[in-house]
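Input: a single structure, listed below in structure tokens.
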Amino acid sequence: IRNALIKKGWDKGIVDRLMNIGDKAGIMMLKDYLHYAHKHNHDIDKVKKELIKSGWSKEIVQKVSKHINEEQYEKKIRVLIDYTITHLENNYSHNKIEKALIKKGWNKEIAHKIVNLGRSKLEKKRLEELSIYIKDLLSKGHNHKKITKHLISKGWSSEAINKIMNSK
């Protein structure tokens with residue numbers, strides 16, 4: 001409706017006031033529209049040109065488009081980190097995961113960083129789980145030495161165990 005009124009010669013400011021569209025609301029509408037265009041694989045350059053032609057400022061269209069591109073890139077990175085964690089939990093090697101990411105078109109440096117982020121998040125998750133487990137054993141009266149011996153036999157490092165034990 002907004003664009004149709006502006007095309008018919010209505011002043012953009014008057015149309016926006018009548019439709020109660022402030023700058024923030026207008027930008028949100030633009031952002032939603034560009035998200036929709038990205039999601040449905042529209043030619044984004046063509047969409048941006050059409051938006052500018054219909055009265056949107058080139059600067060605003062480019063800013064919002066850049067922001068959407070950054071959001072989508074961050075979302076892809078989060079998905080890849082989750083992918084990495086899942087595969088690490090299923091005993092895939094770091095090298096194999098990195099090669100799979102490179103094969104999918106990610107450059108080597110980014111693939112390496114993604115795998116390292118996944119490793120770091122998984123390690124943090126495992127340490128949190130270990131901490132809960134140790135706390136539970138201690139609350140049941142098990143002694144530190146037996147817990148430590150048992151966990152070392154299961155592959156945990158004495159440093160990780162001691163760090164958790166000393167924080168309890």
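The values are calculated or read from the model by the stated rules, or taken from the named source; none is laboratory data. Computed from a prediction, not measured in an experiment: that's the story for all the values here. Positions of Cβ are backbone-derived with ideal geometry, glycine not excepted, and every protein chain shown enters the neighbour counts. These accessible areas exclude ligands, DNA and RNA; they are computed on the full protein's heavy atoms, side chains included. Shrake-Rupley method; radii C 1.70, N 1.55, O 1.52, S 1.80 Å.
Would you report the distance distribution of C-alpha pairs in segment 85-168 as whole percents per 5 angstrom bin, up to the bin with the largest distance?
Percent of pairs per bin, in order: 3, 14, 20, 17, 12, 11, 10, 7, 4, 2, 0.
Can you give me the angle between helix 44-53 and the longest principal axis of the chain, using Cα atoms only, in degrees from 0 to 90, rounded to the nearest 10?
Here the helix axis deviates by roughly 40 degrees.
From the Cα gyration tensor of segment 52-99, with a ≥ b ≥ c the square roots of its eigenvalues, which class applies: rounded if a/c is under 1.5, or else prolate if a/b is larger than b/c, or else oblate?
prolate
Using a cut-off of 20 Å between alpha-carbon atoms, which lysines can reach LYS46, once sequence neighbours fewer than 8 places away in the same chain are excluded?
In chain and number order, the partners are LYS7, LYS31, LYS58, LYS63, LYS66.
Hey, what did segment 63-140 get for relative contact order, percent, Cα under 8 Å, at least 6 apart?
32 percent
Restricting everything to alpha-carbon atoms, can you work out Rg to Rh for the chain with a Kirkwood hydrodynamic radius?
Looking at the chain, the ratio lands at 1.27.
Compute the angle between helix 158-167 and the longest alpha-carbon principal axis of the chain, please, reported from 0 to 90 degrees and rounded to the nearest 10.
For 158-167 against the chain, the angle is about 80 degrees.
Which length gain, in nm to one decimal place, applies between ILE60 and ASP32 when the Cα-Cα distance is subtracted from 0.36 nm times their residue separation?
8.7 nm
If ligands, DNA and RNA are left out, what is the accessible area of TYR92 with a 1.4 Å probe, given in Å² to the nearest 10?
It works out to around 90 Å².
List the relative contact order of the chain as a percent without decimals, with contacts defined as Cα pairs under 8 Å and 6+ residues apart.
13 percent
What FRET efficiency, computed as 1/(1 + (r/R0)^6) with R0 = 41 Å and r the Cβ-Cβ distance, is obtained for LYS99 and ALA4, rounded to the nearest 0.05?
Once rounded, the FRET efficiency stands at 0.20.
Using only Cα atoms, find the angle between the long axis of helix 144-153 and the longest principal axis of the chain, and express it within 0 to 90 degrees, rounded to the nearest 10.
70 degrees
Per residue of segment 100-111, in order, report the coupling 6.51 cos²θ - 1.76 cosθ + 1.60 (Karplus, θ = phi - 60°) as ³J(HN,Hα) in whole Hz, putting x for Gly and Pro.
5, 5, 5, 4, 7, x, 7, 6, 4, 5, 5, 4
At 1.4 Å probe size, with the rest of the protein present, what percent of the exposed accessible area of the chain is carbon and sulfur atoms?
Here it works out to 54 percent.
Over the heavy atoms of HIS144, what accessible area does a 1.4 Å probe trace out, to the nearest 10 Å²?
90 Å²
Positive end of the charge dipole of the chain (Lys, Arg +1 and Asp, Glu -1 on Cβ, about the Cα centre): tell me which of ASN162, GLY118, VAL79 has its Cα farthest that way.
The Cα lying farthest towards the positive end belongs to ASN162.
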